[in-house]
Amino acid sequence: MIPEVNSHSNEMKQWYMEYRIHKNRPGLLGDIASLMGMLDINIVTINGVEDRTRGLLLQTNDEEKIELMGKMLKKVDNITITALRPPKLVDILAVRHGRYIERDSDDRKTFRFTRDELGLLVDFLGELFKRDGNRVVGLRGMPRVGKTESIIAGSVCSNKRWTFVSSTLLRQTVRSQLSEDEMTPNNVFIIDGIVSTLRSNEKHHALLQEIMAMPSTKVIEHPDIFIRESQYTYDHFDCIVELRNTPDEEITYETFTSGFDDY
């Protein structure tokens with residue numbers, strides 16, 4: 001739907017436009033780009049998004065021109081405009097990588113990745129981690145699929161430090177206190193939901209509560225166990241990321257939680 005707006009300012013704003021191609025005739029993209037050029041709308045990035053769909057990041061300081069362009073392109077027989085809006089994170093990444101992130105059709109805050117999409121996942125996490133405030137990200141996946149490595153790489157992309165609060169990667173680390181320079185909102189706190197709930201003490205629990213209340217990013221591996229074994233609920237999570245070796249891999253916990261019940 002084309003937004004009805006009437007504003008002109010010196011502030012440059014970005015827009016995401018996506019169109020589906022019905023007949024890819026020679027010069028089609030050139031004609032569209034020429035129209036944008038005449039309207040003084042800049043093309044920031046352009047890429048094919050999935051099959052026969054093209055996505056563009058646009059920039060202009062006059063929103064009326066976006067509305068006008070949308071109306072004009074509706075008259076072009078060879079294409080159908082499928083999106084024209086201020087860009088969401090998934091739009092920016094779709095243009096950057098040429099593919100959309102898969103989302104759960106019933107639960108829109110669950111995003112799915114496979115191991116061959118690690119570059120896209122790291123970019124997605126990096127953009128999430130750049131945002132300020134209290135953010136909680138859940139990361140589901142079987143052992144050795146690349147969960148922790150993706151979180152660290154995403155932290156590097158967002159220019160933030162990462163701090164392990166609990167982890168199986170580092171010989172089942174359970175921290176009971178953090179140093180002053182670790183307890184900063186600019187850190188990404190990595191929490192293993194199994195270790196923190198099934199193999200922790202009161203000091204660790206108190207530290208966990210303090211970190212969960214901080215205006216910072218927390219990434220919780222195995223969020224389902226974390227929810228099951230703590231006072232936190234699904235509503236505390238801003239989004240859930242699933243990482244699989246293959247698209248049809250089932251994520252189950254029985255195989256790698258049984259050993260923790262002995263503690």
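The values are calculated or read from the model by the stated rules, or taken from the named source; none is laboratory data. Fair warning: this is a prediction, and the values are worked out from it, not measured in the lab. FYI the Cβ positions are ideal-geometry reconstructions off the backbone, even for glycines, and counts take in every protein chain you see. When the accessible area is computed, the model is the full protein with side chains, heavy atoms only, and any ligands, DNA or RNA have been set aside. Shrake-Rupley method; radii C 1.70, N 1.55, O 1.52, S 1.80 Å.
Overview of results
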item: Full-stretch length increase - ARG52, LEU118 - with 0.36 nm per residue and alpha-carbon distance subtracted; result: 21.4 nm
item: Of all accessible heavy-atom area on the chain, the percent that carbon and sulfur account for (1.4 Å); result: 47
item: C-alpha long axis of helix 202-213 to longest principal axis of the chain, angle in °; result: 20
item: Percentage relative contact order, the chain, counting C-alpha pairs under 8 Å, at least six apart; result: 19
item: Spin-label model distance (nm) - GLU67 vs LEU35, 7 Å beyond Cα toward Cβ; result: 1.8
item: Low-density loop cleavage sites - trypsin sites (Lys or Arg not before Pro) in region 101-150, where at most 14 other Cβ are within 10 Å (DSSP); result: ARG108, LYS109, LYS130, ARG131, ARG144
item: Selection from ASN78, ILE46, THR163, by position along the positive dipole direction of the chain (Cβ); result: ASN78
item: Once exposed loop GluC sites (Glu not before Pro) are cut out (DSSP; at most 10 other Cβ, 10 Å), longest piece of the chain; result: 5-179
item: Acute angle (nearest 10 degrees) that the helix 28-38 long axis makes with the longest principal axis of the chain, alpha-carbon atoms; result: 80
item: Number of Lys pairs (Cα under 15 Å; 8 or more positions apart or on different chains) in the chain; result: 11
item: Taking region 82-182 and dividing mean pair separation by its residue count, relative contact order in percent (alpha carbons under 8 Å, at least six apart); result: 19
item: Span from the region 133-188 Cα centroid across to the region 48-65 one, whole angstrom; result: 35
item: Å² per residue, accessible surface of region 132-263 at 1.4 Å; result: 49
item: Cα convex hull of the chain - mean projected area over all directions, nm²; result: 16.7
item: Most mobile of LEU207, LEU125, LEU93 in a GNM of the chain (Cα contacts under 10 Å); result: LEU207
item: The chain - charge dipole about Cα centre, Lys and Arg +1 at Cβ, Asp and Glu -1, debye rounded to 20; result: 640
